[in-house]
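For reference, the structure discussed in these notes is given below.
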Amino acid sequence: MPRRDLITFLVFAVVVLAMPIWLQPLGAAYPALMQKFVISAVFAIGFNILFGLTGYLSFGHAAFLGVGSYTAVWSFKLLTMDAVPAILFALLVSGLFALAIGWLSLRRSGIYFSILTLAFAQMCYNLAYSVLTPITNGETSLQLTLQDPRIIDNALAARPAGLPSASLFGNTLNGLQGFYFCAVVLLIAFFITQKVFSSPFGMMLRAIKSNQTRMNYAGFDTKPYTLAAFVISGMFAGLAGALFVITDPLAGTERMQWTASGEVVLMTILGGVGTLVGPVLGAWLIEYFENIFSAFNEGVVHRFFSLLPSEIADPLAAIASKFVGEGWQLTLGLLFVLVVVFLPGGIMEGVRRIGALFGRRGTPPKTGAIRVQPAE
């Protein structure tokens with residue numbers, strides 16, 4: 001691995017594994033939310049492989065998220081509560097599912113591709129909601145029951161009295177154990193993404209994004225590359241769906257709604273399309289807004305402005321209270337507009353601009369002196 005990629009990976013690993021520490025002042029250092037942080041990051045970096053490298057915008061990736069969730073629950077119900085088989089089956093089924101949808105959708109490009117993926121996702125949602133209820137349990141969600149066969153677990157040990165929890169080789173994945181398991185999976189996914197970005201395959205995907213028509217005229221068959229990117233991206237989504245089930249053994253149709261597909265698009269654009277860390281930052285920011293910022297109430301806002309005179313504090317608190325609590329999406333929308341208008345490259349573009357600014361300040365100024373050679 002190149003030195004720069006190794007440093008990036010090590011810094012990213014430290015940040016992820018230290019989340020219980022640096023999230024404490026932000027009020028988000030509890031396991032359930034940290035699990036959402038890392039799982040959403042897996043979903044986002046997988047989507048970025050397709051959208052960021054090839055430029056193909058999919059509005060249907062929530063379908064693979066749902067397929068991975070349902071597959072993991074059925075693995076728990078039929079075989080074992082161990083997380084490894086659930087993840088492997090989720091990767092396999094979501095990959096096959098992505099292969100079928102990608103083979104059909106990639107016959108078109110641009111907005112037509114996006115509409116096709118949205119149509120397939122909505123069909124999958126309706127199938128899960130009403131048609132395939134024996135498999136998905138419809139609107140009541142698919143979950144564990146005491147009557148589940150769990151063939152492998154019951155062959156090795158006596159059936160427990162209550163509902164079991166997901167485990168890893170006998171170790172229960174609850175609380176911080178579940179978070180660190182998901183964190184390790186995120187690090188593996190990030191490492192794979194680094195390899196994809198720096199590989200000849202990744203360079204080919206970037207070339208497709210740059211000018212696919214020119215590549216076709218030059219004799220390159222781009223369809224296998226775009227289909228491979230679509231399948232890999234779908235498998236990442238299925239992996240995220242399986243991780244959701246491992247932390248909470250439940251699979252509902254809400255994970256397949258178009259809003260979930262739109263959310264991962266926002267995560268990627270907000271953080272920075274085509275960057276390694278950008279989609280992760282976007283996922284963390286949206287999850288923080290949705291789970292913490294949305295819990296702020298008017299009392300919290302008044303305490304924030306309590307040091308100001310009441311004549312100033314009361315109007316400011318009245319205005320600010322409209323942007324917190326139930327109005328958190330208004331704040332997120334304004335932030336998204338500002339990023340798109342002033343930082344088209346997302347948060348990572350802002351980071352690069354700040355780095356370039358400090359880099360210029362640290363560079364010694366050029367004197368501009370010109371040495372004149374005397375004429376002979």
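What follows draws every value from the coordinates through simple rules; no lab data is involved. Quick caveat, the model's predicted, so the values are computed rather than measured. Neighbour counts are summed over all protein chains in view; Cβ atoms, including those assigned to glycine, are modelled from backbone coordinates with ideal geometry.
Per residue of segment 283-296, in order, report the coupling 6.51 cos²θ - 1.76 cosθ + 1.60 (Karplus, θ = phi - 60°) as ³J(HN,Hα) in whole Hz, putting x for Gly and Pro.
Per-residue couplings from phi come out as 5, 5, 5, 5, 5, 5, 4, 5, 9, 10, 4, 5, 8, 5 Hz.
List the residues whose amide H sits under 5 Å from the amide H of Asp82, counting only those 5 or more places along or on another chain, with H placed 1.01 Å from N in the peptide plane.
Placed amide hydrogens put Ser167 under 5 Å from Asp82.
Counting Lys and Arg as +1 and Asp and Glu as -1, what is the net charge of the other residues whose Cβ lies under 12 Å from the Cβ of Gln194?
+1
How high is the relative contact order of the chain, in percent, counting Cα pairs under 8 Å that sit 6 or more residues apart?
Once normalised by length, the contact order is 28 percent.
Would you indicate which of (i) 82, 56, 48; (ii) 99, 71, 39; (iii) 75, 52, 47 is the value of Cα extents along the principal axes in Å derived from the coordinates of this structure?
Only one option fits the structure, namely (ii).
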